Every structure is written in C-alpha cells, then in structure tokens.
Amino acid sequence: MSAPEAAVGRPDPTGRGARRRPSGAAADLRLLRSELALVLRRRRNVVMLGVLALLTALVGVGIRLASGGGGGTGGGPPLLATVTENGLFLAFASLTASLPVFLPLVVSVVAGESVAGEASSGTLRYLLLTPVDRTRLLAVKLLATVLYGALAVLTIALTGVLVGLVLFPVGDVVLLSGTTASYGEGLLRLAAVSAYAAAMLTTVAALGLLVSTLTEVPVAAMSATAIVVVLVQIMGQVPQLSWLHPWLFTDGWLRFADLLRDPVLLTGARDGLLLQAGWVVVLVAAAWARLTSKDVTS
C-alpha cells in the first residue's frame, strides 16, 4: 500500500483535523468507505475479479464447443447437459466449481493483506495512534473483506447469466426436484444461492484476518490462509475423519443445492450458516485477542 493510498479517507495522525472528524456511526462509515476504496483500488484485487469473470466465460464457451451446437455434451457430465438446456445453469455451475478453490483464494489474498499490509507499510501504527479503536478497526477490516467476497460471487453469477443468455437457450428452469419454475424465479433462486456462497466465504475472511494479525508479511498471511483452507478441504475428503467432518467450516459450502428444490429445503442451508457463524465468532475472537494485545511498532 502506498502512502497516498493510506492517507485517503484515514484519520489525521497529527490531530489537527480532530474538530472536523465525525464520531460514532459517521466515523465508522467513513472508515469503512476508506477501507473499501483501498481494497478496490489495488490493481491485484481488480484483476482477480476480472479473472473470475473470464474463467466463467471460458467455462461457458467450453461447454458450448463440447456440445457441438446440438444440445448435448458428447457424453459429458450431467451438469454440462443441464447448462446446454438452460443458460441460467451456467451461473450455478460456475459457482459450484469456484466455491471450493477460486473464491477462497481471492478472499485469502484480501484478508491476508488486511492487517499485515498495514503493518508492512508502516501505516498500522499511525492508525492506532489516532482515535481508531482496535476493535472497530478489526471490524471494518473484516467487513470490507466480506464485501469483497460478496462482490467476487456477484461477478461470477452475473457473468454466468450474461454468457448463458448469449450462448445457450433460456426459459423455464427445471429444478432439482423435477418441478419447473419460471426464469424470473430462477434468478431469485440464483440470488439466494449467491448470498449463501458469499456467507460461506465469511469464515475464510475471518481466518485470513486472524493470520494477518500474526505476521507483518502480507504474502505469508495470504499463503497461510489459502493453505489452511486447502488442508481443511482435504480433511473433509478423508473417510477416517468422518467424525470430524461436521465440524469443518468447509462442510456446508455446497449445501445451497437445497435452495434449488421445490419446496425449498432450509435445513441444510441453516446448518451451514450456523456452522459458519460459530467459526467466525471463534476466529474473530482470536484475532481481536491478538490485535488488542499486540505491541504495534510499525
């Protein structure tokens, strides 16, 4: 982070602007806007969103070429046949493919840099010298990362819808239960699926925030966060650890399939959200304990 970036929208470390500094909710909103501006101004973060959109488009093009324009997939997986029958399913398929790998990766990059990046550039100390409470700073960092994750999910969903409209037929949606819903209802269900996927990434954001408070090297925090997510997913595939699977934060990531049934089954999604909430509380509490007791010298 450059010095000009750090200065935009941040409190005045000299205190000369104290009379003009807002307080309470206004100050929190100002700090959040500043943090979001920093996140979205970084070229790497913008490029990652572009890559997610490009990957989704490439998946659509690949399925279109594999189908040969004949409505089939040449014996491919059933999911591909579903996409060729209705372009809206390209968004669902892309979210399903991206949630285990690509989405956690981009969130790990942003979360890992959240605190470690400030410490590395020397701006963390100046932030904490001003009336920016460490708890509030932590909350703003977490919320900005969560919003970036939601933006990444939205990028995939919108790209999937647009590419699906161009390359494949659209119309009524055949749900997983075999019933048919209108295209408009399909879009509403896609919105619900996207919201659920974004909620699943909250744990990755909290994990990255914790790791970011443990080091002043942003790359190390990013890498460690991504590695932990991969290790947890590997553990979820080991049959001998089946007793542990319900407690892994990746266990409920793909339970949004229940939102594509009629009637909608909320039990799986509810359990997945509760699991994420529990992990977020634990990870954020650990990050708070670390940051509030940390002797910040840089």
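The values are calculated or read from the model by the stated rules, or taken from the named source; none is laboratory data. Bear in mind that the values here come from a model prediction, so they are computed numbers and not experimental data. Note: ideal-geometry Cβ built from the backbone for every residue, glycine included; neighbour counts use all protein chains shown. For the accessible areas, the whole protein counts, side chains as well, though only heavy atoms, and no ligand, DNA or RNA atoms are used. Shrake-Rupley method; radii C 1.70, N 1.55, O 1.52, S 1.80 Å.
So which residues in the stretch 43-67 are at pLDDT 90 or above and either touching a Ser or Thr at 6+ places or on another chain (Cβ under 9 Å) or surrounded by 18 or more Cβ atoms within 10 Å (Cβ to Cβ) (or both), if there are any at all? Residues satisfying the conditions are ASN45, MET48, LEU49, GLY50, LEU52, ALA53, LEU54, LEU55, THR56, ALA57, VAL59, GLY60.
The residues on offer are LEU273, LEU283, LEU259, LEU248, and the sole one that is closer than 30 Å to ALA181 by Cα and at pLDDT 90 or above is LEU273. Is it true that some residue in the stretch 162-182 is buried (at least 17 other Cβ atoms within 10 Å of the Cβ), under 25 Å from PRO104 (Cβ atoms) and not small (Gly, Ala, Ser)? Looking for residues that are buried (at least 17 other Cβ atoms within 10 Å of the Cβ), under 25 Å from PRO104 (Cβ atoms) and not small (Gly, Ala, Ser), one finds at least one in the stretch 162-182, hence yes.
Selection within the stretch 91-103: residues that are touching a Gly at 6+ places or on another chain (Cβ under 9 Å) and not hydroxyl-bearing (Ser, Thr, Tyr). The member of this set that is nearest to MET200 (Cα to Cα) is LEU103.
Restricting the search to helices (runs of 4 or more DSSP H) fully inside the stretch 123-224 and requiring at least 1 residues that are out of contact with any Lys or Arg (no Cβ under 6 Å at 6 or more places or on another chain) and modelled with pLDDT of 95 or more gives 134-167, 183-213. With respect to the conditions (1) polar (S, T, N, Q); (2) surrounded by 13 or more Cβ atoms within 10 Å (Cβ to Cβ); (3) more than 21 Å from the chain's Cα centre (by Cα), GLN237 lacks only one, and its number is (2). For first residues located in the stretch 256-275 and acidic (Asp, Glu), partners that are open to solvent by less than 80 Å² (accessible area, probe 1.4 Å) and part of a loop (DSSP other than H, G, I, E, B) and lie 6+ apart or on another chain with Cβ distances below 8 Å form the pairs ASP258/VAL264; ASP262/LEU175; ASP262/SER177; ASP262/THR179; ASP271/GLY252.
The set of residues from the stretch 244-295 being in a loop (DSSP other than H, G, I, E, B), open to solvent by 40 Å² or more (accessible area, probe 1.4 Å) and not hydrophobic (A, V, I, L, M, F, W, C) comprises ASP251, ARG261, ASP262, PRO263, ASP295. Taking the condition of a type in the set (A, V, I, L, M), under 22 Å from the mean Cα position of the chain (by Cα) and more than 23 Å from SER94 (Cα to Cα), does VAL211 pass? The answer is yes for VAL211.
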